[in-house]
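Enquirer: Take this structure, written in structure tokens, and hold onto it; I'll ask about it next.
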Amino acid sequence: MGADELRIVLFTLQMAATATLVVLVPGVAAAFLLAGYRGPGKTALETLLTLPLVLPPTAVGLLLLELLGRNRPVGGWLADHGIEVVFTWKAVVLATAVMSFPLLVRSARTAFEEVDPRLVGLARTLGCGPAAAFFRVSLPLAWRGVVAGTVLAFSRALGEFGATIMLAGNIPGRTQTLALAIFHDTQVGRDARAATLAAVTVALAFGTLWLTEWLFRRRARTEGA
Amino acid sequence: MSVEIDLTLPLPRFALRVRETLPAGVTAILGPSGAGKTSLLESLAGLRRGAAGRIVVDGEALLDTARGVALSPEKRRVGYVPQDSGLFPHLSVLGNVRFGAHADRRAVEAAIDTLEIRPLLDRKPATLSGGERQRVALARALATRPRLLLLDEPLAALDVRLRDRVLPWLLRVRDEWALPCLYVTHNVGEALAAAAHVLTLREGRVEAAGEPRALLGGLASEAEADSGIENLLAGHVVSHDQAGGITRVRSATGLDVAVTLSPERSVGAPVTLAVRAEDVLVAVAPVAGLSARNVYAGRILSIERTGVDVTLRCALDPSGVEVLARITPAAVAALGLRPGGPVWLAIKSHSIRLI
């Protein structure tokens, strides 16, 4: 693996980490609110948030392109303020973030739903406001689901292809991630390089998931629960 | 210190409607399952939306819908102990006790001492026994220096043996912390042991309110009293007789009682004597040659048929102390018992528990 390949790996990790950071707060917030929400339209809202999981990523990418293209309302407004998104690294982050978001939300939401609401009520009677109750009770009790969701989101971001290629293109040195490079290499007949990069993605994904499992186990032991 | 409640809360099957002024001390709330007891406590704690009316504790309105006052739970300073203790599983015992946002160190220390949980502080709730959990939950509520304590069947999840071990802690909290306290229970014995005032709820309404003994005299004999303690007498330790294996206690009403040797209670210490109604022997003539150390003359105030048993309400001479005795209808017939008639009541030292 040469310097070029290493750069692709680092770029991919950077993009995935940034996308994960971007979705972390809104994702956890959405999961928490959805778990506690009992009003009308709950199912519709949940379906909408899950949609990117089942849509073809290229369709999501196309939707984003429609939104952010230079001649579109949002994209035009951004361009007026000197922000270029499409075909830049920002597009990579955005596309992977959108695709990763539902994974985080689903996992974290389930975890929040399993927190006994009476414990939250008790925290309130013990003097916690809603925010303190969230950080001192809900979040610590749901942390496994939140971490698992974050890891899933990160892993998904590492391998995102369809939405990224639609929104960010496949520009070596600028927007080319591992998944895009593998595709490109096979197209131009550099099969050995494609295989090497594929092996790297397997190692990365395996490492991430294994680290999480190990963390859970260790934590479960020290908690004695 | 009093608690004024004028509350309505719509529930699925009926509306909870409670209008009571509770005196200081412990108020027991009895009633069948689904009568709205837990909903009442949750409304007082501020955990129920839709509760309307007025709640005033110690002069401060926690809720006054007419004037737009509805304090959030964290501002009410109401300590709540649910049936299953509701400890935070991710925190140690100390973390739980310290959890309260107003928990100052002195209150935390005092709560730990009252409930004697110092040896448990590093443990996680999952490793505690049921009785220990309830003590920790009580300590956690006390550490916030609440103005009102709400206990939702704190002993219900415990078996009878553990219940007897936790009840003294509750009495201790009552005596040492002097808080108004609402105590939901199914158990008449607990209500009699702990409460100065009783409310019974049925379908969201207050069915009866008043003095425990007056109110529960009849109830105490129903099936609900199965594991209850019907006779309770406050007093203090007079002396220990090592050789005789007894401890002498004098009740506040001047009755001398011998109980099994309890050297852990120092002379002069206040104690409560507890005797089950079925442990009181009844005779129609002066008793001689009996092993029971406590024999008292008295007369029958009333005879009530209660289920398969009969409950005698007796007044002792000359103190006037009331004692409930439970015997069979056959015994009533054989002895020819009638209201106003003289009786001698005998109680074995072993049948008396100190709490």
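No lab work stands behind these numbers, since they all come straight from the coordinates. Predicted, not measured: the structure shown is a model, and the values here were computed from it. Positions of Cβ are generated from backbone atoms using ideal geometry, with glycine treated the same way; all protein chains shown enter the neighbour counts.
Enquirer: Specify whether the C-alpha gyration tensor of the range B:74-200 places it in the rounded, prolate or oblate class, a ≥ b ≥ c being the square roots of the eigenvalues: rounded for a/c under 1.5, otherwise prolate if a/b is larger than b/c and oblate if not.
Expert: Judged from the Cα gyration tensor, the range B:74-200 comes out oblate (a/c at least 1.5, b/c at or above a/b).
Enquirer: Whose amide H sits under 5 Å from the amide H of B:Val69, counting only residues 5 or more places off or on another chain, with H placed in the peptide plane?
Expert: Residues meeting the criterion, in which the H sits 1.01 Å from N, are B:Asp64.
Enquirer: Averaging the inverse of every distinct alpha carbon separation and then flipping it gives the Kirkwood radius. What is it for the protein assembly as shown, in angstrom units?
Expert: 28.9
Enquirer: If each of B:Thr260 and A:Ala131 carries a label point 7 Å out from its Cα toward its Cβ, how far apart are those two points in nm?
Expert: 5.8
Enquirer: Of all GluC sites (Glu not before Pro) in the range B:259-355, which ones are in loop regions per DSSP and have a Cβ with at most 10 other Cβ atoms within 10 Å?
Expert: Within the range B:259-355, the qualifying GluC sites (Glu not before Pro) (loop, at most 10 other Cβ atoms within 10 Å) are B:Glu264.
Enquirer: What average number of partner chain Cβ atoms lie no more than 10 Å from the Cβ of the residues making up B:73-85?
Expert: Average neighbour count from other chains, rounded to a whole number: 4.
Enquirer: Something else: Could you tell me whether the range A:3-223 comes out rounded, prolate or oblate from its Cα gyration tensor? Rule is a ≥ b ≥ c as square roots of the eigenvalues, rounded for a/c under 1.5, then prolate if a/b exceeds b/c, otherwise oblate.
Expert: oblate
Enquirer: Test of the criteria: in the range B:65-121, which GluC sites (Glu not before Pro) are in a DSSP loop and have at most 16 other Cβ atoms within 10 angstrom of their Cβ?
Expert: Passing both the DSSP loop test and the Cβ count: B:Glu116.
Enquirer: For the pair A:Thr208 and B:Ala24, how long in nm is the line joining their label points, each one 7 Å along Cα→Cβ?
Expert: Taking the simple label geometry, A:Thr208 and B:Ala24 are separated by 6.4 nm.
Enquirer: Modelling each spin label as a point 7 Å along the Cα-to-Cβ direction, I'd like the B:Lys75/A:Leu55 distance in nm, to one decimal.
Expert: 4.4
Enquirer: Here is a further query. Mind checking which aspartates and glutamates have their C-alpha under 12 Å from B:Lys124, skipping anything on the same chain fewer than 8 residues away?
Expert: A:Glu223, B:Glu132
Enquirer: Once a ≥ b ≥ c are taken as the square roots of the eigenvalues of the Cα gyration tensor of the range B:7-152, is the result rounded (a/c under 1.5), prolate (a/b larger than b/c) or oblate (a/b not larger than b/c)?
Expert: Cα axes put the range B:7-152 in the prolate bin.
Enquirer: When Cβ neighbours within 10 Å are restricted to other protein chains, what is their mean count per residue of peptide B:4-15?
Expert: 0
Enquirer: How about B:Lys37: which lysines have a C-alpha closer than 23 Å to its C-alpha, ignoring those fewer than 8 places off in the same chain?
Expert: Once the sequence-local lysines are set aside, what remains near B:Lys37 is B:Lys75.
Enquirer: Within chain A, which is the longest segment containing none of the GluC sites (Glu not before Pro) that sit in a DSSP loop and have at most 15 other Cβ atoms within 10 Å?
Expert: Longest site-free region, per DSSP loop and neighbour criteria: A:115-225.
Enquirer: Quick one: check the C-alpha center-to-center distance for the range A:24-51 versus the range B:82-119, whole angstrom.
Expert: 34
Enquirer: Determine the relative contact order of the range A:3-223: mean sequence separation of Cα pairs under 8 Å and six or more apart, normalised by residue count, in whole percent.
Expert: Computed value for the range A:3-223: 28 percent relative contact order.
Enquirer: Sticking with this structure for a sec: Can you list which of the trypsin sites (Lys or Arg not before Pro) found in the range A:27-74 are DSSP loop residues with at most 13 other C-beta atoms within 10 Å?
Expert: Counting only loop positions with at most 13 other Cβ atoms within 10 Å, the trypsin sites (Lys or Arg not before Pro) in the range A:27-74 are A:Arg38, A:Arg70.
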